Amino acid sequence: MEQHLGTGRRKSSIARVYLRPGRGTVVINGKTPEEYFARRPNVDSILRAPLQETQSAAKYDVVVNVYGGGYKGQAEAIRHGIARALQNAVPELRPQLKSLGFLTRDAREKERRKYGLRKARKRGQFSKR
């Protein structure tokens, strides 16, 4: 059986995406996106964006294993993985996916906490005396 792998990352989330010829079903960690991202509006549109923009939503089934991070980071990691898998499946789609920004890994990460501070940059209140 033909399948294409794409690994997507965002913040501390990592998604392994398998693209298989099919009818357009999406399975995330054994659940539908509606079950997995319950009560999270417009997350479904984030992760399906590469398929919809390339008119290939009904051509492929998507199976995803995702872990780490929060729901938004996971959704964007899945989007990144779907775009990479689509690029592997149909190399002609690369320019379109690249121009939409789906192949670019968002490198922003949480900044580490520094000693002497309350958070990464937050200090205690200044007092002269």
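The values are calculated or read from the model by the stated rules, or taken from the named source; none is laboratory data. Just so we're clear, the structure is a prediction, and the values are computed from it rather than from any experiment. All Cβ positions, glycine included, derive from the backbone under ideal geometry; neighbour counts span all protein chains shown.
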(message) Within region 96-108, take every residue that is in a loop (DSSP other than H, G, I, E, B) and charged (D, E, K, R) and give me the one that is surrounded by the fewest Cβ atoms within 10 Å (Cβ to Cβ).
(response) R108
(request) Kindly provide the set of residues from region 22-31 that are closer than 22 Å to Q55 by Cβ and either modelled with pLDDT under 90 or more than 15 Å from the chain's Cα centre (by Cα) (or both), ordered by number. (result) G22, R23, G24, T25
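When you scan region 109-116, do you find a residue that is in a helix (DSSP H, G or I) and within 20 Å of the chain's Cα centre (by Cα), even just one?
no
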(message) Anything in region 1-16 that is in a loop (DSSP other than H, G, I, E, B) and modelled with pLDDT of 90 or more? List them, or say none.
(response) Q3, K11, S12
(message) Every residue in region 23-77 that is out of contact with any strand residue (DSSP E or B) (no Cβ under 8 Å at 6 or more places or on another chain), among the aliphatic types (A, V, I, L, M) and not in a helix (DSSP H, G or I), please.
(response) A38, A57, A58
(message) Condition first: exposed (fewer than 15 other Cβ atoms within 10 Å of the Cβ) and more than 17 Å from L86 (Cβ to Cβ). Now tell me which residues in region 23-39 satisfy that.
(response) N29, G30, K31, T32, E34, E35, A38, R39
(request) Confirm whether L19 is at pLDDT 90 or above and in a strand (DSSP E or B). (result) yes
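Residue-wise test of (1) within 20 Å of V17 (Cα to Cα); (2) surrounded by 14 or more Cβ atoms within 10 Å (Cβ to Cβ); (3) without any contact (Cβ under 8 Å) to a residue 12 or more places away in the chain; (4) not basic (K, R).
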{"position": "V43", "(1), (2), (3), (4)": "yes, yes, no, yes"}
{"position": "A57", "(1), (2), (3), (4)": "yes, yes, no, yes"}
{"position": "V64", "(1), (2), (3), (4)": "yes, yes, no, yes"}
{"position": "R94", "(1), (2), (3), (4)": "yes, yes, yes, no"}
{"position": "K110", "(1), (2), (3), (4)": "no, no, no, no"}
{"position": "R118", "(1), (2), (3), (4)": "no, no, yes, no"}
